[in-house]
Amino acid sequence: MSIVKVLVIAKESWISLDLKYRLRRLGYKTIVARENLSTVIEIEQPDIVLLDHQVIESETVDAIESAELPLLCFNPENQQMNLSVDFPHLTNPYQETVLDTAIRGTLHQHQTQIKLAQQLNHNQKQIELLHTVDHELRTPLSTMLITLDWIELIEQEELSERSLQKLDHLSLARNSVQRMAEFLDRTSLFCRCQSGNLSFRSSWIDLPAFCTALIFEVEQLNCNANIRFTHQSVNSIIEFDEMILRQILVNLLNNAVKYSNRGSIVHFSVTCNLDEMIFEIRDQGIGIAERDRELIFTPLYRGSNVETIPGTGMGLAIVQQLVSACGGSITVESTPNRGSTFTVTLPFRN
């Protein structure tokens, strides 16, 4: 681990000298400067700046901020400070334990802010890429579907053996194009969530009937699905956005079936209280490796144990974004080769 470099900027030379020796005892490398700060920072590359509040000047602060260095102000007179700007500050720089703790805390906060900024920048680039993919592919896909419809109509008029073979191939092509279109729909939905452009359209929903219909739909698409449904509620009629609720539950149910052994039971339970509803979907499938759990809600990310199972890596990312947009929460518990449990809690919207 590299030694932390501390740049000390103080009004009086004795203050700088005192702090220099204290910091050295704590294991820090100390640089003392008062002038030509930009040059000193460029040459010495300090990790943090200790700044005497008596020399807070715009030129000094600008040099520190332009270098994106964490800043810790201190009062050499060991008194409370009234700062005109909001900086981390230390009232007793001569107590070495307090000084060490303040430096470490300021460095940790700065590193956390850098990581957060990098993550936000990365997320923004992902959203821009998804927007571009959606824009560039949607029109060609629509054209392909229209063309396939037109060719299918022509072939249906002949009804020869050769035309029937062509129709089979056309059906395969249509299914492939529709899967791509569904991926773009998911991508578009994710981008709307990220950009805050998701609109809510509440309607009255008979929750048990709604969930039963979703189960029937999932089981029709997955012949090996075996979903057991239970429901407990104070009131089974709720007011919520049907499209959002459908997207959340269908994604989770499809995943539970897809990543389970053929015919194994998926447990789907719903509990409605006065102010929230709780959905739990528990499978007995392949589970999620521990190293993947923090990443499964990342767009386009797929777990390390699902290489042979088709998927886009967008389903859980969309679920998390929708749940978050509703002010809810989603948690996951999982054991590899034993199964996973996803729990979604959604508050009723006012």
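Descriptive notes on the structure:
- Annotation for the stretch 11-46: GluC sites (Glu not before Pro) lying in DSSP loop with at most 16 further Cβ atoms inside 10 Å of their Cβ are GLU12, GLU35.
- Count Lys and Arg as plus one, Asp and Glu as minus one, and take only other residues whose Cβ is under 14 Å from that of GLY339; the net charge is then +2.
- Centroid-to-centroid separation of the stretch 288-350 and the stretch 7-40 [C-alpha atoms, Å]: 49 Å
Quick note: the coordinates plus some simple rules give every number you see, no bench work behind them. Values in this document were obtained by computation on a predicted structure and should not be read as measured data. Here Cβ is always computed from backbone atoms with ideal geometry, including for glycine, and neighbour counts include all displayed protein chains.
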